[in-house]
Amino acid sequence: MRPFRIDVPEQVLADLRERLSRSRFTTATDSTRWKAGADPSDLRALVEYWAGGFDWRGVEARLNEYPQYVAEIEGQRVHFVHLRSPRPGALPLVLTHGWPSCFAEMLALAGRLVADFDVVVPSLPGFAFSEAPRGPFTGRAVAGTWQHLMTTTLGYERYGAFGGDIGGSVTQWLGALYPASVAGIHMTSGSLTSGVDPAVLDAAGLAYLDAQGAYDAQDGGYSEIMRTRPDTIAAALADSPAGLLAWIADKYRDWSDCGGDLASRWGADDLLTVATIYWATGTIGTSFRAYYDHPHSGPRPPITVPTGITLSHEPLMEGFPESLARRAFPGLSHFTRPASGGHFMAHEEPDYLAGQLRTFFGPLT
């Protein structure tokens, strides 16, 4: 394990600005803004700011205020933030992000938790400064890497885990595979229905699965491309920063609790921080591995550790019944349905979520 600082080479930034200055924009397909995807006029404004107003070096300095490290785990480089609590014997928590996010999403939450917990924020394999996995990207594989990071690299005997989206799935695998080490798991989203037999569900559970399928049919084009032709779309996004930004911003608008107004939840600097990290590390293609390799996942063992859910306020989670959560997680002891805070809740509502995690993990210390 060695200390790490972000230092994007100046030539990378100069090339980025030059490419942005030559961006070409499409004509909107639909007169309703964002109905057919990233709105060209909004995208143009973001690209112009990225090229001429965005201060990456300032962002980089702020990110480097968080102590960061890289560790070699079974020959794979893993990047992570590690915040140590002043509280003696504090329970460690590992916070795992999802797609199309990065470790930066978790930092505001981590800062609010460190008074009571040691906090570890890794970059998923193939995201940001973590090396792509040598084998298939699965929740099981990432959970094994996180277990090694927390117990062998950092020396913790017991820890809690939190995540959303892909991070939520990894968190579930941690609880399933390592109950002797994992004190409890908490999610905001993810594959919350994984392993549930529809034959045992009540009417509310079946209605939710039907609604989930209908939503996937309407919104799932992005994932079908990433599942079946990831290298094709990655070739375009790795070459065009404007295209990369459009691909990312589309999901930030759809999935966050913004009511269709991206700027109400996301400042331009927030979006461009994520986009610049993807661009500078060249990881948009490897970030698709979780989608492409999903068939390798296999069935997840039952989860018996204490479980908490703070349900993200987003279309995919709409109508998710508590009864279904109790079928999926026999150890469920904390279930809340907040009025706000979407897919990226750690960024959108860090104060509220920090309170939720304190409530859930506090008795487990």
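Below 8 Å, C-alpha to C-alpha, sequence gap of six or more: please give me the relative contact order for the chain in percent.
Rounded, it is 20 percent for the chain.
Report, in order of residue number, the helices in the chain meeting two criteria: a C-alpha extent of 20 Å or more along the helix axis, and a mean Kyte-Doolittle hydropathy of at least -1.0; treat each whole DSSP H run as one helix.
Qualifying helices, which must be both long enough and hydrophobic enough, are 203-219, 241-255.
At 10 °C and 1.306 mPa s, grab the translational diffusion coefficient of region 69-210 from Stokes-Einstein with a Kirkwood Rh over Cα pairs, rounded to a whole number in µm² per second.
D, rounded to a whole number, is 102 µm²/s.
So if we plug the beta-carbon distance of S333 and R229 into 1/(1 + (r/R0)^6) with R0 = 41 Å, what FRET efficiency do we get, rounded to 0.05?
After rounding to 0.05, the efficiency reads 0.45.
Of the listed peptides 33-39, 89-95, 23-29, what is their order by residue-averaged count of other C-beta atoms within 10 Å, with the highest listed first?
Highest mean packing first, the order is 89-95, 33-39, 23-29.
Work out, in µm²/s and without decimals, the Stokes-Einstein translational diffusion coefficient of region 11-137 at 4 °C, 1.567 mPa s, Rh from Kirkwood over C-alpha pairs.
Calculated translational D: 74 µm²/s.
Can you list, largest first and rounded to whole Å, the semi-axes you get for region 221-365 by taking the square root of 5 times each eigenvalue of its Cα gyration tensor?
Equivalent-ellipsoid dimensions as semi-axes: 30, 21, 14 Å.
Using a simple charge model, +1 on the beta-carbon of Lys and Arg, -1 on the beta-carbon of Asp and Glu, nothing else, what dipole does region 2-364 show about its Cα centre, in debye to the nearest 20?
660
Could you give P(r) for region 2-364, binned at 10 Å from zero, as whole percent values over all Cα-Cα pairs?
With 10 Å bins starting at 0, P(r) equals 5, 25, 35, 25, 9, 1.
Ignoring everything except DSSP H segments at least 4 long, calculate the 222 nm mean residue ellipticity for the chain; use -39,500 (n - 2.57) per segment, divide by total residues, nearest 500.
One gets -12500 deg cm²/dmol as the mean residue ellipticity at 222 nm.
So what is the relative contact order of region 1-129, in percent, for Cα pairs below 8 Å that sit 6 or more residues apart?
23
What does the C-alpha gyration tensor say about the overall shape of region 92-152? Classify as rounded when a/c is under 1.5, otherwise prolate if a/b is larger than b/c, or oblate.
Here region 92-152 falls in the oblate category.
A short reminder: the numbers here are calculations on the coordinates, not readings from a lab. In this text, all values refer to a predicted model and were calculated from it rather than measured experimentally. All Cβ positions, even for glycine, are placed from backbone atoms using ideal geometry, and neighbour counts span all protein chains on display.
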